[in-house]
Amino acid sequence: MLPTTVNALFILIGSLAGLLLRRGINEKLKLAILNAMGLSAFGIGIHSLVNGMDHSGYPVLFIVSLALGALIGNWIDFSERLEKLVARFQGKGSSGTFSLDGLITAFLIFCVGPLAILGPIKSALENDGTLIYTNAVLDLVTSAILAASFGKSVIFASPILFIWQGAIYVSALLFMKDTSPELLNELSLTGGFLIMATGLSILKIKDLKVINLLPALAVPPLFFAAKALF
């Protein structure tokens with residue numbers, strides 16, 4: 001768990017540095033950085049989904065995952081529930097700079113990707129933290145830029161990443177002795193679409209309420225679990 005702790009700590013340090021940097025940036029530059037983040041997220045998403053499609057043995061699975069994720073997410077309406085929670089949080093002394101888009105963007109960029117998923121699995125099964133340490137350095141820079149654009153909401157991505165990678169680490173120790181590379185690929189493919197959708201939202205091209213699509217990430221593991229049983 002040491003590599004995961006380092007990764008979460010680097011996000012916290014980067015976020016705090018970004019908040020300090022934010023004070024010296026005018027609105028025009030903040031908008032420019034925000035647009036750059038939108039383009040970056042869009043590009044990262046395309047890269048993940050293209051690589052995933054090239055290696056996918058189930059070319060329809062990501063469509064089913066996104067469709068089911070949208071149905072479940074919009075039925076529960078995570079977006080509205082979280083917006084109400086944020087509004088309540090802001091009403092209790094917050095400065096009003098908490099950005100829901102910032103938290104979602106940080107979660108998707110930090111937690112949904114090959115390094116974030118493969119890293120804790122490799123650490124658990126092979127005692128090799130190289131991938132997570134590499135991810136930590138990338139997240140250090142990214143979190144600073146995100147915090148400069150979105151504000152303090154990015155800080156909350158640090159404990160979220162710790163819980164996320166910790167859960168993957170423990171799951172790998174308990175259940176993933178024979179983890180299928182196909183499953184990891186399908187997760188990265190589906191996650192790529194979510195990251196790309198986040199980029200569109202940041203750029204104000206289309207608000208896809210990405211948080212309502214997050215249940216899509218649960219579909220590939222369930223599919224492979226069912227496949228193993230039958």
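The values are calculated or read from the model by the stated rules, or taken from the named source; none is laboratory data. Treat the numbers as computed from the prediction; the structure is a model and nothing was measured. Here Cβ is always computed from backbone atoms with ideal geometry, including for glycine, and neighbour counts include all displayed protein chains. Just so you know, the surface numbers come from the protein's heavy atoms only, side chains and all, with ligands and any DNA or RNA stripped out. Shrake-Rupley method; radii C 1.70, N 1.55, O 1.52, S 1.80 Å.
Is it fair to say residue 56 is surrounded by fewer than 19 Cβ atoms within 10 Å (Cβ to Cβ), of a type outside the set (A, V, I, L, M), at pLDDT 85 or above and over 18 Å from residue 138 (Cα atoms)?
Judged against the criteria, residue 56 is a match.
In segment 1-32, how many residues are in contact (Cβ under 8 Å) with a residue 24 or more places away in the chain and farther than 15 Å from residue 153 by Cβ?
Here the count works out to 14.
Mind listing just one residue for me: the one in segment 14-40 that is open to solvent by 80 Å² or more (accessible area, probe 1.4 Å) and under 14 Å from residue 146 (Cα atoms) and, of those, modelled with the highest pLDDT?
So the residue we want is 16.
Give all pairs with beta carbons closer than 6 Å in which a residue from segment 63-84 that is farther than 10 Å from residue 215 by Cβ meets a residue that is surrounded by 13 or more Cβ atoms within 10 Å (Cβ to Cβ) and among the charged types (D, E, K, R); count only pairs at least 6 apart in sequence or on separate chains.
79/209
Using the structure shown, decide if residue 194 is in contact (Cβ under 8 Å) with a residue 12 or more places away in the chain and under 22 Å from residue 57 (Cβ atoms).
The answer is yes for residue 194.
Quick grid of which residues meet (1) more than 14 Å from residue 61 (Cα to Cα); (2) of a type in the set (A, V, I, L, M); (3) in contact (Cβ under 8 Å) with a residue 40 or more places away in the chain:
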| site | (1), (2), (3) |
| --- | --- |
| 164 | yes, no, yes |
| 174 | yes, yes, no |
| 183 | no, yes, yes |
| 198 | yes, no, yes |
| 210 | yes, yes, yes |
| 214 | yes, yes, yes |
| 221 | no, no, no |
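State which residue is modelled with the highest pLDDT when the search covers only segment 119-161 and only residues that are open to solvent by less than 20 Å² (accessible area, probe 1.4 Å) and in a loop (DSSP other than H, G, I, E, B).
129
Which condition from (1) farther than 16 Å from residue 107 by Cβ; (2) in contact with an Asp or Glu (Cβ under 8 Å, 6 or more places away or on another chain) is the one that residue 11 breaks?
Among (1) farther than 16 Å from residue 107 by Cβ; (2) in contact with an Asp or Glu (Cβ under 8 Å, 6 or more places away or on another chain), the lone unmet condition for residue 11 is (1).
For segment 179-230, which residues satisfy the criterion of being under 15 Å from residue 106 (Cα atoms) and touching a His at 6+ places or on another chain (Cβ under 8 Å)?
Once the filter is applied, which keeps residues that are under 15 Å from residue 106 (Cα atoms) and touching a His at 6+ places or on another chain (Cβ under 8 Å), segment 179-230 yields only 192.
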